[in-house]
Structure formats: C-alpha cells, structure tokens
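A quick write-up on the structure given underneath.
The values are calculated or read from the model by the stated rules, or taken from the named source; none is laboratory data. These numbers were taken from a predicted model, which means no experiment stands behind them. Backbone-built Cβ (ideal geometry, glycine too); neighbour counts: all protein chains shown. These accessible areas exclude ligands, DNA and RNA; they are computed on the full protein's heavy atoms, side chains included. Shrake-Rupley method; radii C 1.70, N 1.55, O 1.52, S 1.80 Å.
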Amino acid sequence: MKKLSLFLLLLIGTFAYSQIYPITIYNFSTHNVNYRLVGTNDNTQPIDCQPIVEGYSAIPLTPSNSVSYNQYNTSHLGNPPIYEWNVISDAISIPSQVYNVSAGAVIPSIITHTTTWQSIDLKFDNGEFLQLGRDCGFVNSNQGGFSGSTPSNITATWNYIGTPGNGNVIVFIN
C-alpha cells in the first residue's frame, strides 16, 4: 500500500506539473526555418486569450530534422532549444514576464495547465514567412488542420494526430 501511495503521489505530481499537449515540428523542406510557438488558453474570451505564452527557436531547424516540445519548462532541452518564454497574463491578474527556462526559471502551473499550442510562425532562410494555427477569435474551434504556402512554394500544414483533445500536433514543412 505504501508503494502504491508513493506511486500515485508521484504520478499526480507529474501531471500537475506538465503540459499535456506536445508538439512536433518536421522540416522536410530544403530551407532552415526559425519559428515562434504560441500557446494560449482556448477557454477564454476571444478578446485576449490570456495567458499567452510565446517562445522563439534559438537557432533554425535545419532541413531533414525534427524537434518535439513536451513542456515550456523543458523546451531548452530540445534541438533547436527554446530558452525563453514571454508570458502575457496581466488581464488575468498575473504579472506578465519573461521566463528563462534554461536558467532554471519555472513557468507556474497556473499558466502551463491552462494553455495549449495555438499557432506557429515560420520564417525561412530565404526570407519567406508563414503563420499556422488557430486564431484567438475561434475559441474551442478544434479545427483539424491548417496549411499555407510561400511564393516559392514552400508549404506547411498543421495536423492533429488523433483528436485535438489528445494534443498531438505535428507541423509538416515540405
């Protein structure tokens, strides 16, 4: 019984301190790509969607590579890493600030538990740009995919693997 109680306590602690929704980015293009990931609270009013969590890749994702992020707080371990997250949360009475997770800052669970991946901005080394994802104005839209292409025909698609509630999101760049 002691072992079971300890296991349950550890399990609850793990879930209480983790985002549930990972994102994986695959770069099948011939271009390096820098990106900005954005997470928001899909259950808020479309006016602000706060909290908003924004993180930029420290270096580009090179062709024929992929990266996964399970949590904001461990994003510095990815390759390419995201070292800092700008949290905008004044509208929900939490002071906005930048969290440098590579230096040990921890984004609080009140932020990580209420946000999911909303969008990604892609900037390619040829100067072209794409933005994919949900718009803040479409709260709980749970739409299954978004795509776009650049003038030089770099295309990108945001797809959910499984149901959006499972939070398995993959961005394909080809």
Phi angles of segment 84-91, converted by Karplus (6.51 cos²θ - 1.76 cosθ + 1.60, θ = phi - 60°) into ³J(HN,Hα) in whole Hz with x for Gly and Pro, give 10, 10, 8, 9, 9, 8, 4, 5
About its Cα centre, what dipole magnitude does segment 47-141 give when the only charges are +1 on Lys and Arg Cβ and -1 on Asp and Glu Cβ, stated in debye to the nearest 20?
-> 220 debye
Can you list residues whose amide H is under 5 Å from GLN118's amide H, if they're 5+ apart or on another chain and H is modeled 1.01 Å from N?
-> VAL38, GLY39, THR40
Rounded accessible area per residue of segment 37-130, 1.4 Å, Å² | 46 Å²
